[in-house]
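Data block below; observations after.
Where a number appears in this text, it was derived from the coordinates with a stated rule and is not lab data. What you are looking at is a predicted structure, and each value in this text was computed from that prediction instead of being measured. Cβ placement follows ideal geometry from the backbone for every residue including glycine, while neighbour counts extend to all protein chains displayed.
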Amino acid sequence: MPTLVIVGAQWGDEAKGKLVDALGSEAHMVVRYSGGNNAGHTVIAGGKEFKFHLVPAGILHPNVHSILGGGMVICPKGLLEELARTREQQSDLGKLTISSAAHVVFPYHRLLDSLEEEARGANKIGTTSRGIGPAYTDKVARTGIRMGEFVDPEVFPQRLAEVLEVKNKMLAMFGREPLNYDELLAEYTAYADAIRPMVADIEHVVQDAVYSGEKVLFEGAQGTFLDLDSGTYPYVTSSHPTAGGATLGTGIGPRAIDGALGVCKAYTTRVGSGPFPTELLDDVGEWIRQHGKEYGTTTGRGRRCGWLDLVVLRHSARLNSLSGLVVTRLDILSGFEEVKVCTGYKLGDQVLHHVPQSAKDFAAVEPIYQTLPGWQGDLRGCRRLEDLPIEARNYLDLMAEMTGTPVAIVSVGPDREETIIVRRDLIWG
Ligand code: GDP
Ligand code: IMO
Ligand code: MG
């Protein structure tokens, strides 16, 4: 299985970054395929904590070629700051290439993100205010500026002039001052100069790696239920975090993907608004948030916490053609006498075993729970499945059974080493 998608199976923050880093030493290439710096991927390695928003978590392995795919939207300022910060933490980083097809995020995108959220009032999405939605809107409207145009001094000034004229009209609609063209051009030309050596056409590079049998990891951002089409619309992000996004966002076809590992927490979290049937608004939810330090990597917001939702996970397994589950944060759930998992929903007098498409229905469902014995003790030292308490193993078995997907990896702590490989054959074959 040399090509593997690492996809978030829930609502993001499942520990995709940790997993990509943990598997990265064996990879030839790590490619991010969607989203922008709305993502926050934490890696703890060699006693240091790294926070990645745009840079693939593979960068810490000097022999790995990291790529920002064409499906992404990239804030140049954020990228340069992130690279500088990462280089300060570790000097020997892998090569980084940016797709010339990726779209650029400008200050007007960030401004419009916040203004549109304000205008939504009580219906706000709870975005990360990184300009992600407005940048993808421009891409769909066919007015966005791509990396290839951004780093071409013969093209960029003219493209910026055209786009800024429209954006300033939009800002005026919100009662805001226009942005100054000369200032913006000067600032962003400096970023373009710094970024130019890293920008290239990458589709054939990824294709060559895939077709020559190299080990390639596709690093997902966000999560399945934040997917623009498959998620809890409108409470979603504006890209395709699902495994299918790995083809669209990098330039390969579906048959070039050998496996998809769905990363999921042993419970559920969500940041921002939108339906979340198993959310716990009580002491248990608060305990998980405090004990699990469930605060966003990007915005610092408290994450909403709840029991594991197996209806959500089964849907995710099918949407992403998951070949294996990666269950993370099993250690955090330790200490409960009993734990619950959601196995179905009640909607009025109906019983559902699938995720309703409408956000209104999904917000109205009541979870049907199965209660299981909990487990005790610190799991962080466990390195083999047999080291885990029997109750935790039974929990994992139920996850595999209910999703029809075997557990490939279990994570019992944030460090690279705190990882149990259950099925090596589901990783690199
Ligand atoms: P990502 O966005 O999917 O990469 O996930 P985040 O980095 O936003 O959030 C996952 C958090 O959990 C990070 O702070 C990780 O360091 C931490 N983490 C990862 N795996 C484990 C685990 O198995 N146990 C615990 N306790 N923390 C973990
Ligand atoms: P990682 O990669 C968790 C959520 C936001 C909001 C919605 C739309 O770290 O898992 P956006 O700024 O994308 O327009 O916001 O999506 N969101 C995330 N939640 N993890 C993420 O990324 C997220 N990226 C976006 O909170 O609800
Ligand atoms: Mg995150």
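Scan region 122-141 and tell me whether some residue there is aliphatic (A, V, I, L, M) and in contact with a Lys or Arg (Cβ under 8 Å, 6 or more places away or on another chain). No, that holds for no residue. Residues that are away from ligand 1 (no atom under 12 Å from the Cβ), more than 14 Å from Thr86 (Cβ to Cβ) and either aromatic (Phe, Trp, Tyr) or not in a strand (DSSP E or B) (or both) within region 30-73 comprise Tyr33, Ser34, Gly36, Gly47, Asn63, Gly69, Gly70, Gly71, listed in sequence order. Between Thr298, Thr269, the distinction of being within 16 Å of ligand 2 (Cβ to nearest atom), within 22 Å of the chain's Cα centre (by Cα) and within 19 Å of Val412 (Cβ to Cβ) belongs to Thr269 only.
Here is a yes/no grid of residues against (1) small (Gly, Ala, Ser); (2) within 16 Å of ligand 1 (Cβ to nearest atom):
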site	(1), (2)
Tyr267	no, yes
Gly272	yes, yes
Phe276	no, no
Gly285	yes, no
His291	no, yes
Leu310	no, no
Ser316	yes, yes
Thr328	no, yes
Leu333	no, yes
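Counting only strands (runs of 3 or more DSSP E) that sit completely within region 270-347, those holding 2 or more residues that are surrounded by fewer than 19 Cβ atoms within 10 Å (Cβ to Cβ) and not small (Gly, Ala, Ser) correspond to 338-347. With respect to the conditions (1) over 16 Å from the mean Cα position of the chain (by Cα); (2) more than 27 Å from Asn180 (Cα to Cα); (3) buried (at least 22 other Cβ atoms within 10 Å of the Cβ), Gly58 falls short on a single one, namely (1). Out of region 248-260, which residues are in contact (Cβ under 8 Å) with a residue 12 or more places away in the chain and either closer than 18 Å to Ala27 by Cα or surrounded by fewer than 24 Cβ atoms within 10 Å (Cβ to Cβ) (or both)? Result: Leu248, Thr250, Gly251, Ile252, Ala256, Ile257, Asp258, Gly259, Ala260. When Cys264 is tested against the conditions (1) assigned to a strand (DSSP E or B); (2) more than 16 Å from ligand 2 (Cβ to nearest atom); (3) buried (at least 23 other Cβ atoms within 10 Å of the Cβ), the lone failure is (2).
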